[in-house]
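The values are calculated or read from the model by the stated rules, or taken from the named source; none is laboratory data. Everything numeric here is computed off the predicted structure, so don't read it as measured data. Cβ sites come from the backbone with ideal geometry, for glycine too, and all protein chains shown count toward neighbours. What goes into the accessible areas is simple: the full protein's heavy atoms, side chains included, and nothing from ligands, DNA or RNA. Shrake-Rupley method; radii C 1.70, N 1.55, O 1.52, S 1.80 Å.
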Amino acid sequence: MTKKILVTGGTGYIGSHTTVELQNAGYEVISIDNLSNSEIGVLDGIEKITGRRPAFEAVDCNDKEALERVMTDHPGIEGVIHFAASKAVGESVQEPLKYYRNNLVSLINLLELMPKHGIKGLVFSSSCTVYGQPDAGHLPVTEEAPIQPACSPYGNTKQINEEIIRDTIHAGAPFKSILLRYFNPIGAHPSAEIGELPIGIPQNLVPFLTQTAAGIRKELSVFGNDYDTPDGSCIRDYINVVDLAKAHVIAIDRMLNNASSEPLEIFNLGTGRGVSVLELIRTFEEATGVKVPHKITGRREGDIEKVWADPKHANETLGWTARETLADTLKSAWEWQKKLSNRS
């Protein structure tokens, strides 16, 4: 019997790439999404890559009745990968209540329904934002780094969601969970059939960068050049989205094969290398031969100065490693952007 996995936010950026990797690994995927920040056409790309179209339900995870209907209509779901969430740091500062409602209620609904439907494992899409701004002694960031006060409502929802899962497991919930704390996912599938597809003005750096390179945006704003970093711009750990997606398959395998060492496990997913915004722009220009008009502007509220991962725990325990280079990852993002520009 093929094992069934429910992927929430399944037509989103990381959800779609993870669906591809799950299907390639032999899982049957039930994808749900409310399509608030993604397009139904993503399913076509998934089908072109894998030869199979996942089952899809247009459902909002905040609608508990609709979520339960999916579980009833697709009996035998063994695991859930929960991506569905609002995810823009800047927007969360402006609209905190939207973030608390979307990101907390959806998880609570899932946790309440999982035992009723015999679901054995939950992979939660967490974030390095839970670490806040780590002090210099905790860089690179390990899983033992202290959880600092969140720098944004978005980061706070990830912290609270982790606490909700931890408390639920501690109370004896009949399932396991793995929290995957990602650093900064970028790039696209090498086929250029799926990639990051922001609705409206991109909130993330790389899609704004590629749209600027394509002439859709006038110029890219670099938020601050007076941080305590070598070139003054913020430093992040940029991870290829396909590398990231593969870690979710390993996490699901681990729980369903009873290989977890604890009911709740936590892993950082990153490359272990910090890259500044200005270095990322330079690398893109060198990799593609395309110039990116950009200007320095003031700092943006909610931004962390510098953070990058120590991925040793995931490397050793999961046998997972980020493999793609930054240059190749940025080239994949550019190929995806060119395909989008040709389509429009």
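Just one of the listed residues (39, 28, 21) is acidic (Asp, Glu), closer than 29 Å to residue 118 by Cβ and open to solvent by 60 Å² or more (accessible area, probe 1.4 Å), and it is 28. Note on the range 186-204: among residues that are open to solvent by 30 Å² or more (accessible area, probe 1.4 Å) and of a type outside the set (A, V, I, L, M), the one that is nearest to residue 324 (Cα to Cα) is 190. Looking at this structure, is residue 62 over 15 Å from residue 81 (Cα atoms), outside any strand (DSSP E or B) and open to solvent by 70 Å² or more (accessible area, probe 1.4 Å)? So residue 62 does not fit the description; no. Give 141, 123 a once-over and let me know the one that is farther than 26 Å from residue 73 by Cα and open to solvent by less than 10 Å² (accessible area, probe 1.4 Å). Being farther than 26 Å from residue 73 by Cα and open to solvent by less than 10 Å² (accessible area, probe 1.4 Å) holds for just one of 141, 123, which is 141.
Looking at residue 64, is it under 19 Å from the mean Cα position of the chain (by Cα), more than 19 Å from residue 169 (Cβ to Cβ) and charged (D, E, K, R)? So residue 64 fails the test. Pairs are defined by a Cβ separation below 8 Å, a sequence spacing of at least 6 or placement on different chains, a first member in the range 60-85 that is touching a residue at least 60 places away in the same chain (Cβ under 8 Å), and a second member that is among the hydroxyl-bearing types (Ser, Thr, Tyr) and in a helix (DSSP H, G or I); the pairs so defined are 81/18; 82/106; 83/18; 84/106; 85/106; 85/157.
One line per residue, one yes/no per condition, for (1) under 19 Å from the mean Cα position of the chain (by Cα); (2) outside any strand (DSSP E or B); (3) without any contact (Cβ under 8 Å) to a residue 60 or more places away in the chain:
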position	(1), (2), (3)
102	yes, yes, yes
109	no, yes, yes
112	no, yes, yes
124	yes, no, yes
129	yes, yes, no
137	no, yes, yes
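Among the residues of the range 1-35, just one is touching a residue at least 40 places away in the same chain (Cβ under 8 Å), among the acidic types (Asp, Glu) and either touching a Gly at 6+ places or on another chain (Cβ under 9 Å) or not in a helix (DSSP H, G or I) (or both), namely 33.
The condition (being among the hydroxyl-bearing types (Ser, Thr, Tyr), in contact with a helix residue (DSSP H, G or I) (Cβ under 6 Å, 6 or more places away or on another chain) and open to solvent by 20 Å² or more (accessible area, probe 1.4 Å)) is satisfied by just one residue among 317, 321: 321. Looking at 285, 316, 335, just one residue is among the charged types (D, E, K, R) and under 25 Å from residue 231 (Cα atoms), and that residue is 285. Look at (1) of a type outside the set (Asp, Glu); (2) modelled with pLDDT under 95; (3) out of contact with any Gly (no Cβ under 8 Å at 6 or more places or on another chain) and you find that residue 147 fails only one, number (3).
Of everything in the range 272-305 that's at pLDDT below 95 and open to solvent by less than 70 Å² (accessible area, probe 1.4 Å), which residue is farthest from residue 332 (Cα to Cα)? Ranking the qualifying residues of the range 272-305, first place goes to 302. Within the range 324-334, the residues that satisfy the criterion of being open to solvent by less than 60 Å² (accessible area, probe 1.4 Å) and either in contact with a Ser or Thr (Cβ under 7 Å, 6 or more places away or on another chain) or hydrophobic (A, V, I, L, M, F, W, C) (or both) are 326, 327, 330, 333, 334. When the range 217-232 is filtered for residues that are assigned to a loop (DSSP other than H, G, I, E, B) and crowded, with 16+ Cβ neighbours inside 10 Å, the ones remaining, listed by number, are 217, 224, 225, 227, 229.
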